[in-house]
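Worksheet for the structure shown next.
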Amino acid sequence: MSATTGLAAQQQALLQALYRLRHVGAMKVVASCALPERAGGQKHLERGLQAYRSNGHALARRALAAAYPVVAELMGAENFVGLSRHFWQSCPPARGDMAQWGEGLAAFLASLLDLAREEPYLPDVARVEWALHVAATQADGRPDIGSLALLESGDPAELTLQLCPGVALLASDFPVVSMVLAHLTGTLSLQQAGERLRDRVAETALVWRQGLKPALRHAQPGETLFVEALRQGRSLGDALYAAPGFDFAPWLAPAVHAGLLLGARPVIFSKKDTP
């Protein structure tokens, strides 16, 4: 075995050991690839592995808390530490950038049956928080307000609207928008959010990037279908047809002001769309 191959095998063994749930099994993996050790080498390996594991668990907790601050608050510090460790071991990062790790937390929460029964809203809260996290890392959109003049004379069937990067829509059976806003911005009190949760108020979250920060609000009646059609690149006419209850006129100016809408442009038709 070459030195390069041996080093790769040792690195892989260490990664496997860090994510193993049982300490004994982890030590066997590391020992199988370790070089012969002097007296006390076993203890040295154990201390080293424990140090790596402790650092990994701390890193996992910080990374998840940064992406999911509301989930962390709802669960409480002790429970969230346990969740971070369990998720780290079950769904280890596949990239070196820890800011990209954690996307699967909502599905992981839903798989924990006891938690799902006691706090069934947590997975949806996590989905909203991940959408906010993703929106925060999107490239800056370039507003082209002058292009909106196309709306005055253009055919809606041949125009579409350009939304800002990071737009996401998430429907929930729970008041996830109220809960997230109450914890993050204080625009809604925790008591009000709790009342909506007790009344099982369903909410659809609209997430986008407003300037340098992610933004969140309730989707207006019909807005979900309208925005989703635009996200698919469909024409303005098709989007309005898909959302018959949506009132476009009063939506337009606030959408521009909030940075949700960047401009208008002609629809790019593919060959299969042309007669």
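Summary table below
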| read-out | value |
| --- | --- |
| Ordering of 107-118, 124-135, 205-216 by packing [mean C-beta count within 10 Å, highest first] | 124-135, 205-216, 107-118 |
| Pairwise FRET efficiency - Asn79 versus Glu195, Cβ, R0 = 22 Å, nearest 0.05 | 0.40 |
| Cα-projected label distance for Ala107 with Ala136, points at 7 Å along beta-carbon direction, nm | 2.3 nm |
| Relative packing of peptides 176-186, 152-162 - highest average C-beta neighbours within 10 Å first | 176-186, 152-162 |
| Neighbour net charge for Ala106 - beta-carbon separation under 15 angstrom, K R +1, D E -1 | -4 |
| Where labels lie 7 Å past Cα in the beta-carbon direction, separation of Arg217 and Asp144 in nm | 2.5 nm |
| Sorted by Cβ neighbour density within 10 Å, fewest at the top, the residues Cys164, Cys91 | Cys91, Cys164 |
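Bear in mind these aren't lab numbers, they're just calculated from the coordinates by the rules spelled out. Treat the numbers as computed from the prediction; the structure is a model and nothing was measured. Methodologically, a virtual Cβ is constructed for each residue, glycine included, from the backbone with ideal geometry; neighbour enumeration extends over all protein chains shown.
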